[in-house]
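Only one structure is covered here, and it is reproduced in the block below.
The values are calculated or read from the model by the stated rules, or taken from the named source; none is laboratory data. It should be emphasised that the depicted structure is a prediction, and the values quoted were computed from it without experimental measurement. No Cβ is skipped: glycine too gets one built from the backbone with ideal geometry, and neighbour counts run over all protein chains shown. Just the protein is used for accessible areas: all its heavy atoms, side chains included, with ligands, DNA and RNA removed. Shrake-Rupley method; radii C 1.70, N 1.55, O 1.52, S 1.80 Å.
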Amino acid sequence: MMEITNVSEYDKLAKERLPKMIYDYYASGAEDEWTLEENRNAFSRILFRPRILIDVSHIDISITVLGFNIPMPIMIAPSAMQKMAHPEGEFATARAASAAGTIMALSTMATCSVEEVASTGPGIRFFQLYVLKDRSVVTQLVKRAEYAGFKAIVLTVDTPRIGRREADIKNRFILPQHLTLKNFEGIDLGKINRTDNSGLASYFSHQVDRSLNWKDVKWLQTITKLPILLKGVLTAEDARLAVQAGAAGIIVSNHGARQLDFVPATIMALEEIVKAVERQIPVFLDGGVRRGTDVFKALALGASGVFIGRPVVFSLAVNGEAGVRKVLQMLRDEFELTMALSGCRTVEEITRNHVMMDTETPRISSNL
């Protein structure tokens, strides 16, 4: 096999390797998939303004996330049911994250439990939470994550209902028979039933709480001392409310373009949210990150770091733990190179002046 030289090559290889139902589940977006394409395309409308003749012989790309030092601003987003991609599933992803020293978020809908992931050894892990109607289930999930040593709760806030993913409807998507949603073992929600619709949708439509609102964020703070990140914020208005509600951070996300089609690309929604929070809490981004240049662009527009989703699942499908390690390494190396070629030696040195929208005249800052 020819050497893999970039993240996107894993997508093509995963498509050849995975059953259609499974590949489509991971790859597809909502309805017309306009936002799915836009998440990627929007990055290409941001151009660099590199600074020259700066000593870049030493570059430090490390950052701090909620008080945890990690060696790069690239983290692993919560993606459901990873054992569909590879038999080791979230085990392999957790080991790859640990090896890279970065943070992994584990999905509520994972095929490994919080305890199983914790058993892989040390690592900084966050637990992605869907709030279900039965709050005792939610409390149990949060307590288990906390007890397993997870360091934060990532509350998904863009899914009062599940988006219309037509590939899953066509394929009659169902969790393969031999797999279960391990976080629900012993809570009696572990199997998805076959239906005429996306099996996931039927599971969700029965369990996910459509009434979820800001009061529930407050309730969550009463059952856990863990910091709570809100994932799925796309507007300045909600960013301000998130700060008021005591969120520890925001993840600007459109759920990998799987929920509401025709929302903007996350990289285009980022700036208004960064301005709205006025540096009171960190703002992260997921959606469409495939290159180190994308990571730099997100940081230049004010993100504190990025999360990657599909690249993890596709590399996992192609080469297990080693695939995920390679994706993290490639993005890390590309990002470091982008910093050097832009004249930045630390993440703090990346500014809005290092990029421009290809529509804008460069804004010349007075403090050159």
Inset, instruction - Calculate the tail of P(r) for the stretch 66-105: the fraction of all Cα-Cα distances greater than 13 Å, expressed in %. - result: 53
Inset, instruction - Using only alpha carbons, build the gyration tensor for the stretch 27-151 and give me the equivalent ellipsoid semi-axes, biggest first, whole Å. - result: 31, 22, 14
Inset, instruction - Averaging over all projection directions, find the projected area of the Cα convex hull of the stretch 300-355 and quote it in nm² with one decimal place. - result: 4.2
Inset, instruction - Pull up all non-local amide H partners of Leu66: gap of 5 or more, or a different chain, and H-to-H distance under 5 Å with H placed in the peptide plane. - result: none
Inset, instruction - With θ set to phi - 60°, apply the Karplus curve 6.51 cos²θ - 1.76 cosθ + 1.60 along the stretch 344-356 and write out the HN-Hα couplings as whole Hz, x wherever there is a Gly or Pro. - result: 10, 9, 9, 4, 4, 7, 6, 10, 4, 6, 7, 9, 9
Legend entry - Largest to smallest principal axis extent of the C-alpha atoms in the stretch 194-331, angstrom: 45, 43, 34
Legend entry - Å² of accessible area per residue within the stretch 1-121, as computed with a 1.4 Å probe and no ligands counted: 44
Inset, instruction - Just name one of Phe307, Gly323, Ile273: the one whose Cα is farthest towards the positive end of the charge dipole of the stretch 233-364 (beta-carbon charges, Lys/Arg +1, Asp/Glu -1). - result: Gly323
Legend entry - For the stretch 90-150, projected area of the alpha-carbon convex hull averaged over all directions, nm²: 3.6
Legend entry - Karplus-derived 3J(HN,Hα), 6.51/-1.76/1.60, for each residue of the stretch 59-76, Hz, glycine and proline x: 10, 10, 9, 6, 9, 10, 10, 6, x, 9, 7, 10, x, 7, x, 10, 10, 9
Legend entry - Mean Cβ neighbour count within 10 Å, used as a protection proxy, ranking 242-253, 137-148, 210-221 highest first: 242-253, 137-148, 210-221
Legend entry - For Phe173, distant residues with modelled amide H under 5 Å away: Gly199
Inset, instruction - Tally up the carbon and sulfur contribution to the accessible surface of the chain as a whole percent, 1.4 Å probe, everything protein left in place. - result: 52
Inset, instruction - Leaving ligands, DNA and RNA out of it, work out the accessible area of Ile52 with a 1.4 Å probe and give it in Å² to the nearest 10. - result: 130
Legend entry - Helix axis angle, 135-147 relative to the chain longest principal axis, alpha carbon, degrees: 60
Legend entry - Cα-only Debye scattering, the chain: base-10 log of I(q)/I(0) at q = 0.07, 0.08, 0.14, 0.15 Å⁻¹: -0.28, -0.37, -1.21, -1.41
Inset, instruction - Read phi for every residue in the stretch 29-42 and hand back ³J(HN,Hα) as whole Hz from Karplus 6.51 cos²θ - 1.76 cosθ + 1.60, θ = phi - 60°, with x for Gly and Pro. - result: x, 7, 6, 6, 6, 5, 5, 4, 5, 5, 3, 7, 4, 4
Legend entry - Probe 1.4 Å, all protein chains present, accessible-area order of Glu90, Glu115, largest first: Glu115, Glu90
Inset, instruction - Determine how large the accessible area of Glu3 is when every protein chain is in place; take a 1.4 Å probe and give Å² rounded to the nearest 10. - result: 140
Inset, instruction - Using only Cα atoms, locate the centre of the stretch 228-261 and the centre of the stretch 117-173, then give the distance between them in Å, rounded to an integer. - result: 16
Legend entry - Inter-part distance where the stretch 263-338 and the stretch 29-73 are each reduced to a Cα centre, Å: 5
Legend entry - Reciprocal mean inverse distance between Cα atoms of the stretch 1-49 - Kirkwood radius, Å: 13.0
